[in-house]
1. Go through the stretch 84-128 and report how many residues are more than 13 Å from the chain's Cα centre (by Cα) and in a loop (DSSP other than H, G, I, E, B).
2. Kindly indicate the residue of the stretch 64-75 that is touching a helix residue (DSSP H, G or I) at 6+ places or on another chain (Cβ under 8 Å) and assigned to a helix (DSSP H, G or I) and also surrounded by the most Cβ atoms within 10 Å (Cβ to Cβ) among those meeting that condition.
3. Is the stretch 91-107 home to any residue that is crowded, with 16+ Cβ neighbours inside 10 Å, at pLDDT 95 or above and within 18 Å of residue 12 (Cβ to Cβ)?
4. Consider residue 12 against the criteria (1) in contact with a helix residue (DSSP H, G or I) (Cβ under 8 Å, 6 or more places away or on another chain); (2) part of a helix (DSSP H, G or I); (3) closer than 17 Å to residue 115 by Cβ: it satisfies all of them except one. Which criterion is unmet?
5. Any residue in the stretch 53-60 that is at pLDDT 95 or above, buried (at least 17 other Cβ atoms within 10 Å of the Cβ) and touching a strand residue (DSSP E or B) at 6+ places or on another chain (Cβ under 8 Å)?
6. Restrict the check to the stretch 119-128 and report whether at least one residue is closer than 20 Å to residue 37 by Cα and touching a residue at least 40 places away in the same chain (Cβ under 8 Å).
7. Does at least one position in the stretch 31-43 carry a residue that is closer than 18 Å to residue 82 by Cβ, part of a loop (DSSP other than H, G, I, E, B), touching a helix residue (DSSP H, G or I) at 6+ places or on another chain (Cβ under 9 Å) and without any contact (Cβ under 8 Å) to a residue 60 or more places away in the chain?
């Protein structure tokens, strides 16, 4: 389940403070991105990370000028909250971010790409 916009924004603000990054967040665009992500995921939790990535990438100006850092961070964090690990290099996420921005990648294509790279986080190894 995607978080409410207020919680999502507080999480981003914490990330920015922690990394001493200056950015201007557009709360309205972020709320719109979360609403679109909810529609795209259509109730399927495993599709939420891709939906969140797609929606936030389309609204990169909402995280100016840090979208290339913020979007992968929030997507990885959300996947982790769902018990999933996104096994993808940051450079691959940068490429897909650009493709979404240019209208070169559909949500269906992105969802399939994410599905192939989201793996359940297993239990910690047991001590011998």
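1. 17
2. Here the answer is 71.
3. Yes: the stretch 91-107 contains one or more residues that are crowded, with 16+ Cβ neighbours inside 10 Å, at pLDDT 95 or above and within 18 Å of residue 12 (Cβ to Cβ).
4. (3)
5. No: zero hits.
6. Among the residues of the stretch 119-128, not one is closer than 20 Å to residue 37 by Cα and touching a residue at least 40 places away in the same chain (Cβ under 8 Å), which makes the answer no.
7. Yes, there is a match, as at least one residue in the stretch 31-43 is closer than 18 Å to residue 82 by Cβ, part of a loop (DSSP other than H, G, I, E, B), touching a helix residue (DSSP H, G or I) at 6+ places or on another chain (Cβ under 9 Å) and without any contact (Cβ under 8 Å) to a residue 60 or more places away in the chain.
Here's the yes/no breakdown for (1) loosely packed, with under 12 Cβ neighbours inside 10 Å; (2) assigned to a helix (DSSP H, G or I); (3) in contact with a strand residue (DSSP E or B) (Cβ under 6 Å, 6 or more places away or on another chain):
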site: 1; (1), (2), (3): yes, no, no
site: 17; (1), (2), (3): yes, yes, no
site: 22; (1), (2), (3): yes, no, no
site: 29; (1), (2), (3): no, yes, no
site: 62; (1), (2), (3): no, yes, no
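The values are calculated or read from the model by the stated rules, or taken from the named source; none is laboratory data. Keep in mind the model is a prediction, meaning the values are calculated, not measured. A quick note on method: Cβ atoms are made from the backbone with ideal geometry, for glycine too, and the neighbour counts reach across all protein chains shown.
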